[in-house]
1. Take every DSSP beta bridge whose two residues both sit in the chain, then give the antiparallel share in percent to the nearest 5.
2. By count of other Cβ within 10 Å, fewest leading, how are 399, 454, 390 ordered?
3. I need the peptides 404-413, 240-249 ranked by packing, meaning the mean over residues of other C-beta atoms within 10 angstrom, with the highest value on top.
4. For the chain, find the longest principal axis of its Cα atoms and tell me its angle to the long axis of helix 47-58, 0 to 90°, nearest 10.
5. Among 452, 13, rank each residue by its count of other Cβ atoms within 10 Å, from fewest to most, as a rough exposure measure.
6. Subtract the Cα-Cα distance of residue 484 and residue 8 from 0.36 nm times their separation in residues, and report this length gain in nm to one decimal.
7. If we sort 370-379, 355-364, 202-211 on the protection proxy, mean other Cβ atoms within 10 Å, highest first, what's the order?
8. Under 19 Å from a point placed 7 Å out from the Cα of residue 437 along the Cα-to-Cβ direction: which residues of the stretch 176-213 have their backbone N that close?
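Taken together, the values in this text are just the output of simple stated rules run on the coordinates, not laboratory data. What you are looking at is a predicted structure, and each value in this text was computed from that prediction instead of being measured. Cβ sites come from the backbone with ideal geometry, for glycine too, and all protein chains shown count toward neighbours.
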Ligand code: ADQ
């Protein structure tokens, strides 16, 4: 019943991602010798893994990733190249061991202090430290050579995200021409005026142009990318209509294929949740009558959490009747905490929550319940189902899966979604969601009030349409469209080869 079972990949798949799909750990901590210890494998989390697993299995594929998180696991162990998933023939997971210096520069440096802020238009947060780019190149080279070790004539290499801007060209140059190189860029691509500030920007563009296929979530990022190429890679030919770039004789097709979620699974988990006995996270904070608002985000400056808190503060100022009746639950996951900007952001958010709570709380009631605990998938679905209003307010977001997960889990069809109009998700879902400009505090606060007083039939009408879209464009259909593109490029290149 899995939609991704239908996805046709025209050859053995090689996935490249920063995060590994499975973590392995030794079971028996007391064993004297590592080789005597058995190994357990975590169930994977995340839609991408769930979606790609069956494809990797079917094509006898390989997944190449940084071996982070298996802290206790000797990454030089032979089992570092293992068969996954557990208890099946599976496919090969090839983990790369990266030194602390490499991780600090490649991951916490060029990836997250340069490319992340640049792509999201936060140039003022850019930190260009001396050796970061060289490490980024070195790590990209290591991934590319791991790909070359596994690639065959009909391989399909599918590189994930901005951690690997240089790898596509390196891979292209080291594997058979009949194999396909594709990449999906999960975050926005900025306009040329912003990209201009990117250190080593031309290397980044030339690296990415090593792909046969380059995917973004929405049209705007495709157009920004093509403009950047036109502006900064003078030797490239850009066909804006065909969305095709030719550089050094090699074509790159650029497409917008918006990513969805495993809607059926969120729906199923939400139905299994007990409405009267909701997620343990809520039981202390919220009574059965309380109207619940919800936010679920990584603690990242792109997610617009302070703007959301400001709007909630304004809302309680203007609508004192809702004090004691409405509680906003903010689930924030600490992220990239070794980067000072993130540390400061987290601190600011926590202080704001405390300040606003101090202003309005009375008796047992607090306006904002804030937690940084990890939420298990079942609990997350219970929370989604319980929430009367979901607020997703990024300053900018490539797509945003949380909004789609909320819709998929809203099985009672009675919730409302407030969604920033600067997210890829808004471009997909349109005005059936309640659009907000996260920086316009007054209008945002009015939207919150509007969502709480919206007639039930109106909420249902919107929710039905939105759920329909999320089910139509789920993770399976996203992969189908990727593989359809890959297939057509693959066929094109093999007929070129015959000519
Ligand atoms: P992210 O910036 O991480 O992803 P998002 O798309 O919202 O943002 O995905 C976050 C994921 O983490 C969701 O699946 C969510 O359920 C999960 N999550 C967050 N907090 C959690 C918690 N406390 N407990 C459990 N799960 C939690 C990047 C881009 C996005 C793009 C995705 C996919 O920034 O724009 O949508 O990749 O391409």
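1. 25
2. 454, 399, 390
3. 404-413, 240-249
4. Roughly 30 degrees between the two axes.
5. Placing the least packed residue first, the sequence is 452, 13.
6. 170.6 nm
7. Order by mean packing, descending: 202-211, 370-379, 355-364.
8. Under 19 Å, as judged by backbone N against the label point of residue 437, lies no residue of the stretch 176-213.
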